[in-house]
Amino acid sequence: MTAIDPISAGFIAVLAAFTGYEVIARVPSLLHTPLMSGSNFIHGVVLVGAMVALAFATNPAEQVLGFVAVVLGAANVTGGYAVTDRILEMFDRSKKGPGAKKEG
Amino acid sequence: MLDPTYSGYVKDGVYILATILFIYALHEMSNPATARKGVLWAGAGMFLAVLVTAVFSGASPGAFVPGINISQAQLEENLGLMAIAIAIGGGLAYLWAIRVKMTDMPQMVAIYNGMGGGAAAGIAALALIARTDPVGYLGLAVVGGLIGSVSFAGSLIAFLKLQGWMRQKPITFPGQKTINILVLLAAIVFGAVTLLNDSGHVGAIGTSVAIPVVGINTALLLFFVLGLGYGFMMAIPIGGADMPVVISLFNAFTGMAVALDGFATSNYAMIVAGMLVGSAGSLLTMLMAKAMNRSISNVLFSAFGATEETGVEMKGSMKPIEAADVAALLAYAGKVIIAPGYGMAVAQAQHKVKEMMDVLEKKDVVVKFAIHPVAGRMPGHMNVLLAEAGVPYDHLYDRDEINQEFASADVAMVIGANDVVNPAARRQGSPLFGMPILDVDAAKNVIVLKRGQGKGFAGVENDLFYKDNTRMLYGDAQETVAKLVQELKKL
């Protein structure tokens, strides 16, 4: 596997870390829960890595490991999305009150 | 088959687009008005990233792994497995997530975060088995694998504790810290062994460490078992009240593990998204710990609530009150401040509370909500539930905004909150000492709605309940508030 250039990847990682910090720093506390859930969804991108790992598995042991990783990654993605969306639905001003829940 | 170089650009282009969408989504999620659209943007980014990965790993393996040596039949079999795995994992998780009750959301975040950590550990394991990377990258895979497995096991414990399938109280035993450190050290040793062991693999370090007892695969297996063990050991001494902080910490852990795997597998999307979550999650964890006036190390290592304060005698007694009397008190009050807690969430009382607010407002009573940063089980938990019931945001006040106002309130009503209103936090020597609380005891009358006489999450006796201006209204919060609404309508 051709590895990426460690220096430029390192710079990217540092910039991404500061971006994450800056974006969160301005968030009001009432959004902490949805935000934790939302960031949980975003690291679901691990699914992409699991897919690549499974695609190039060359023996049954690697296939099993890759399969499990994809199952877990996919659960992180869809579960994380559904939970975040359900939490944020509560903040949606256009649908408020208990009656609105039936629409969603 | 597409030209690998060309399709590599397409793949990375889509990953860049996905990254932009992730950052934009986080930005949108920082405002209540746009938050819901935010997650939609993140979802779009994720969909694109997954789609391009699925298409290109089949059409052009070279886009991911230049010069990969894999037969077409094997690749097709793997792609079939991939589709099945996505359908199973994604389908079940989605169905579960849309069915659980809103009050159970914190543990759902924990379990799905744990699954992400498990996936990260799996990817690291595969990178370490294949060993096609230079040793530096394999080192990052070792670290990513360790953090991922710790996050997986720890999140699982957090889930079990919050779900009530495991004892919520801290589980402690003598020598626990020493054992934990030994487990972690052992994991690191076996991680180093797998890394240093050459065994004729490409690119590994020149020296071969001969381990007479274990082979490289055994060492790898032990490494992951010990990593999982450490995650388990790390989470069991933590009590229910501290779980939100720990879930947030494991969330940051998974982000870091994903980023490290991104280095090991040359995946920029994973590096950026993982670092975003790693840093944002770390900051969020610190903010949450700060709201409880605890340091992260204090949360992790002090087994809060395992010990009880001794030698403090409660003066006075808990004085019960009837719903009808409370209704009269409320109806003739000028200002009522409601302090909700987890008890309100458990009883699903938020809709009734909203109804009570409407009735009181019709009677020209000013109603405000005092939201402690850690009321409930996650920061913002109360805001979510009250918003669900239709309470407008401008009725919700942070601790700092409203604490001065309790003195001018006729009634402070505590609904299923305990530790966050406990004046013991002002007393040196109390386990709660120093935790910022809502000063409900400053109000003229304090009404505490409570199911029974039990203690809060922290297991500390609540001084508030014994104060002269405090009255206890016992019962399930939803039924009690419904009764109050009835009584109020009669007045």
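The values are calculated or read from the model by the stated rules, or taken from the named source; none is laboratory data. Model, not experiment: these values are computed from the prediction. Cβ placement follows ideal geometry from the backbone for every residue including glycine, while neighbour counts extend to all protein chains displayed. Calculation scope for accessible area: heavy atoms of the full protein, side chains included, ligands and nucleic acids excluded. Shrake-Rupley method; radii C 1.70, N 1.55, O 1.52, S 1.80 Å.
Heavy-atom surface analysis with a 1.4 Å probe gives region B:1-51 a carbon and sulfur content of 75 percent of its accessible area.
Whole-Hz Karplus values for region B:355-367 come out as 4, 4, 4, 4, 4, 5, 5, 5, 8, 6, 8, 7, 10 Hz, taken residue by residue from phi with 6.51 cos²θ - 1.76 cosθ + 1.60 and θ = phi - 60°; glycine and proline positions read x.
Taking the convex hull of the alpha carbon positions in region B:356-401 and averaging its projected area over all directions gives 3.3 nm². If the chain linking B:LYS169 and B:ARG426 were pulled fully straight, counting 0.36 nm for each residue of separation and taking away their Cα-Cα distance, it would gain 90.1 nm.
Reported to the nearest whole Å, the Cα centre-to-centre distance from region B:104-118 to region B:385-463 is 29.
Shielding by partners for peptide B:123-131, expressed as the average number of C-beta atoms from other protein chains within 10 Å of each residue's C-beta, is 6. Using the Cβ-Cβ distance between B:GLN453 and B:MET286 with R0 set to 35 Å, the FRET efficiency works out to roughly 0.50. The mean of 1/r over all distinct Cα pairs in the protein assembly as shown, once inverted, gives the Kirkwood hydrodynamic radius of 25.1 Å. Among the listed pairs B:LYS363/B:LYS483; B:LYS335/B:LYS444; B:LYS101/B:LYS489, a Cα-Cα separation exceeding 20 Å is found for B:LYS101/B:LYS489. For the protein assembly as shown, a simple Cβ point-charge model (Lys and Arg +1, Asp and Glu -1, everything else neutral) yields a dipole of about 1200 debye relative to the Cα centre. Ordering B:ASN31, B:ALA442, B:ALA110 by the projection of their Cα atoms onto the charge dipole of the protein assembly as shown, which places +1 on the Cβ of Lys and Arg and -1 on the Cβ of Asp and Glu, puts B:ALA442 at the extreme positive end.
If R0 is taken as 25 Å, the Cβ-Cβ distance between B:ALA44 and B:ASP12 corresponds to a FRET efficiency of 0.90.
Charge dipole of chain B (Cα centre as origin; +1 on each Lys and Arg Cβ, -1 on each Asp and Glu Cβ, all else neutral): 760 debye, rounded to the nearest 20.
Accessible surface buried at the A:B interface totals approximately 8700 Å², computed with a 1.4 Å probe on protein heavy atoms. Projecting label points 7 angstrom from Cα along Cα→Cβ for B:GLN176 and B:VAL189 puts them 2.4 nm apart. Placing dummy labels 7 Å off each Cα toward the beta-carbon, the span from B:VAL346 to B:PHE433 is 2.9 nm. Taking label positions 7 Å along the Cα-Cβ direction at both B:LYS319 and B:GLU77, the computed distance is 7.8 nm, reported to one decimal. Only Cα pairs under 8 Å and at least 6 apart count here; give the relative contact order of region B:67-160 as a rounded whole percent. It comes to 33 percent, rounded to a whole number.
Each other residue within a Cβ distance under 15 Å of A:GLY49 adds +1 if Lys or Arg and -1 if Asp or Glu, for a net charge of -3.
Using θ = phi - 60° in the Karplus curve 6.51 cos²θ - 1.76 cosθ + 1.60, the 3J(HN,Hα) couplings for region B:433-440 round to 3, x, 6, x, 10, 7, 7, 4 Hz; x is entered for Gly and Pro.
Computed over region B:241-294, the range of Cα coordinates on each principal axis works out to 40, 14, 11 Å, biggest value leading. Placing +1 on the Cβ of each Lys and Arg and -1 on the Cβ of each Asp and Glu in region B:334-419, which of B:HIS351, B:TYR397, B:ALA370 has its Cα farthest towards the positive end of the resulting dipole? So the residue we want is B:HIS351. The spread of Cα positions in region B:336-443, taken along each principal axis and listed from longest to shortest, comes to 44, 28, 20 Å. Only DSSP H runs of four or more residues enter the estimate; each adds -39500 (n - 2.57), and after division by the residues of the protein assembly as shown the mean residue ellipticity at 222 nm equals -20000 deg cm²/dmol. The Rg/Rh ratio for chain B, using Cα coordinates for both the radius of gyration and the Kirkwood hydrodynamic radius, is 1.06. The calculated FRET efficiency for the pair B:ALA328 and A:LEU15, based on their C-beta separation and a Förster distance of 51 Å, comes to about 0.25.
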